[in-house]
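Following: one structure in C-alpha cells, then a few remarks.
The values are calculated or read from the model by the stated rules, or taken from the named source; none is laboratory data. On a predicted model such as this, the values are computed, not experimentally measured, just so you know. Using ideal geometry, Cβ is built from the backbone for each residue, glycine included, and neighbour counts are taken over all protein chains shown.
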C-alpha cells in the first residue's frame, strides 16, 4: 500500500514538472514573439541611410532588418519603405525625413522631421510621435508631415487617436481625441507652449485640436494611394542608371534608381518616353536600365539606336 502511494506521488510530481516546463516554454515563446518584431526594408529609392545607436552608417538593401534605435535618414532624392511582415503593416518614409525606430515591443516610431505614408493593419498596436503630436493607431491609412514647429495628420481611411505633447497637471484629465476619415489635424509648437503655460491655472481642459476636411485633390493623399500596392512580396524589380520619374501601372513610385519587392505577375512600366509590360517572377530579380540620350536644349528624349527600349536583364 505504501509502495502504491509513493508511486502515485512520484507520478503526480513528474506530471507537475512536465506541464510546468511546457507552460514556461510557451510563455517564454510569447514574450520573445512580443519583444522581437521584425521590421524589414522592402522599398528603396536612390540612397537612404540607416544610422545605428552607435552612429554606424549602414548600406541597406531589400530585406534589411532594422533594430531598435536605428535612425532612418532620407535626402531630397531618396525614400524608403519598411514593413512589419506578420501584420503587413507598412510605412513609407518620404524625402528629406528623419525617423527613429523608438520601440519594437509596441511598434513606436518617432518622426523628427519630414513625411511618412502609413498603412497600418488592425492586428498591430502602433504609435507615431512627432515633436508636437502623438498618433495612436489600429487599422488605418494616413500621412504625417512634421518638423520641430508643427505637425499635421491627414487621414484617408479608418480612425486615429491624436493628442498634444503636453505635460498635464493632476487637476486636468487627459482627453485623447479621435480624428475621423477625411480629416486633417494640425498642432503647432507655439500653440502647445501657450497651453502649457496656462493649463491647470486658467485652462482646466485641453483645447480641441484644429481640424478641417481634406481637399479632394490633396497631393499627399494621391501619393498615399500611389504607393499602396508596393509590398514585401515574391519578386524584385530594380531600376538602375535612371534619373527620371518611374510609373508602375500608371502610379508614380519615385524618381531615379529604385529597388522594390513586387507580387509575381505582369506590370505596366513607364520611364520617360518608354512604356511596356514587364514580368515579375517569383524568387527572381528583374533589372531595368533606361538607355536614353541626354536631351539637347529643349528637344524630347529619344532612345539610343538601334534599341527602342531600355536594357532588360534577368
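Within the stretch 247-294, being within 23 Å of residue 79 (Cα to Cα) and out of contact with any strand residue (DSSP E or B) (no Cβ under 9 Å at 6 or more places or on another chain) holds for one residue alone: 251.
Of all residues in the stretch 152-161, none satisfies being surrounded by 14 or more Cβ atoms within 10 Å (Cβ to Cβ), out of contact with any helix residue (DSSP H, G or I) (no Cβ under 6 Å at 6 or more places or on another chain) and over 30 Å from residue 230 (Cα atoms). The criterion of at least 3 residues that are free of Cβ contacts under 8 Å to residues at least 40 places away in the same chain and in the same structural domain as residue 191 (by TED's automatic domain parsing) is met, among strands (runs of 3 or more DSSP E) falling completely within the stretch 208-284, by 210-213.
When residues in the stretch 201-220 are screened for being within 19 Å of residue 174 (Cα to Cα), exposed (fewer than 14 other Cβ atoms within 10 Å of the Cβ) and out of contact with any strand residue (DSSP E or B) (no Cβ under 8 Å at 6 or more places or on another chain), 5 of them pass. Residue check: residue 167 meets all listed conditions (1) without any contact (Cβ under 8 Å) to a residue 40 or more places away in the chain; (2) surrounded by 16 or more Cβ atoms within 10 Å (Cβ to Cβ) but one, namely (2). Evaluating residue 107 against the criteria (1) without any contact (Cβ under 8 Å) to a residue 60 or more places away in the chain; (2) more than 21 Å from residue 222 (Cβ to Cβ) leaves one unmet condition, (1). Report the residue count in the stretch 119-132 for those that are crowded, with 23+ Cβ neighbours inside 10 Å and either part of a loop (DSSP other than H, G, I, E, B) or in contact (Cβ under 8 Å) with a residue 60 or more places away in the chain (or both). Of the residues in the stretch 119-132, 2 are crowded, with 23+ Cβ neighbours inside 10 Å and either part of a loop (DSSP other than H, G, I, E, B) or in contact (Cβ under 8 Å) with a residue 60 or more places away in the chain (or both).
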